[in-house]
């Protein structure tokens, strides 16, 4: 029997940034339906139902992946490449949420099909507002394809 579907995969290895993000989500009432991955390999395992997640039911596609770039094991650009290269996951919106200000990271992210690139604000109130706007847009306003289109790997 499927459990309540996960809506957001949050991929963040820094414990302080993870707690800050989750705190901002709780303050904006979006703390449920979140799966946390602490490195790129764990994110890929979750996304593709491998390893510890081999029994994950994927009938409910994610609505959003919040992805840091500087990750252990598999870096964020490689995770992004894997998501956007696979028909099962390519339609999932991916938002890079990173501290990186490097132009090569920005360009590389868009080259691999990222939907949005956001540099993490340093000020908590700005960060909280950024998380609120992400939630409003990607989970409430944005029109996502149906689960059937996700499963079929078809955008048409």
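Looking only at region 50-57, decide whether some residue is surrounded by 15 or more Cβ atoms within 10 Å (Cβ to Cβ), closer than 23 Å to residue 139 by Cβ and out of contact with any strand residue (DSSP E or B) (no Cβ under 7 Å at 6 or more places or on another chain). Yes, some residue in region 50-57 is surrounded by 15 or more Cβ atoms within 10 Å (Cβ to Cβ), closer than 23 Å to residue 139 by Cβ and out of contact with any strand residue (DSSP E or B) (no Cβ under 7 Å at 6 or more places or on another chain). Being more than 13 Å from the chain's Cα centre (by Cα), closer than 24 Å to residue 20 by Cβ, at pLDDT 95 or above and surrounded by 16 or more Cβ atoms within 10 Å (Cβ to Cβ) is true of residue 74. Taking every residue in region 71-89 that is in contact (Cβ under 8 Å) with a residue 60 or more places away in the chain and pairing it with any residue that is surrounded by 20 or more Cβ atoms within 10 Å (Cβ to Cβ) and in a loop (DSSP other than H, G, I, E, B), at least 6 positions away or on another chain, the pairs with Cβ-Cβ distances below 6 Å are 76/68; 76/69. Modelled with pLDDT under 95, surrounded by 16 or more Cβ atoms within 10 Å (Cβ to Cβ) and under 16 Å from residue 7 (Cβ atoms): is that true of residue 127 in this structure? It is false that residue 127 is modelled with pLDDT under 95, surrounded by 16 or more Cβ atoms within 10 Å (Cβ to Cβ) and under 16 Å from residue 7 (Cβ atoms).
The single residue among 116, 146, 109 that is at pLDDT below 75 and at negative phi turns out to be 146.
Residues checked against (1) at pLDDT 90 or above; (2) under 24 Å from residue 132 (Cα atoms):
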| residue | (1), (2) |
| --- | --- |
| 16 | no, yes |
| 26 | no, yes |
| 33 | no, yes |
| 36 | yes, yes |
| 54 | no, no |
| 84 | yes, no |
| 94 | yes, yes |
| 97 | yes, yes |
| 103 | yes, no |
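On the given criteria, is residue 61 at pLDDT below 90, out of contact with any strand residue (DSSP E or B) (no Cβ under 9 Å at 6 or more places or on another chain), surrounded by 14 or more Cβ atoms within 10 Å (Cβ to Cβ) and more than 25 Å from residue 128 (Cβ to Cβ)? Criteria met by residue 61.
The values are calculated or read from the model by the stated rules, or taken from the named source; none is laboratory data. It should be emphasised that the depicted structure is a prediction, and the values quoted were computed from it without experimental measurement. Neighbour counts run over all protein chains shown; Cβ positions are idealised from the backbone, glycine included.
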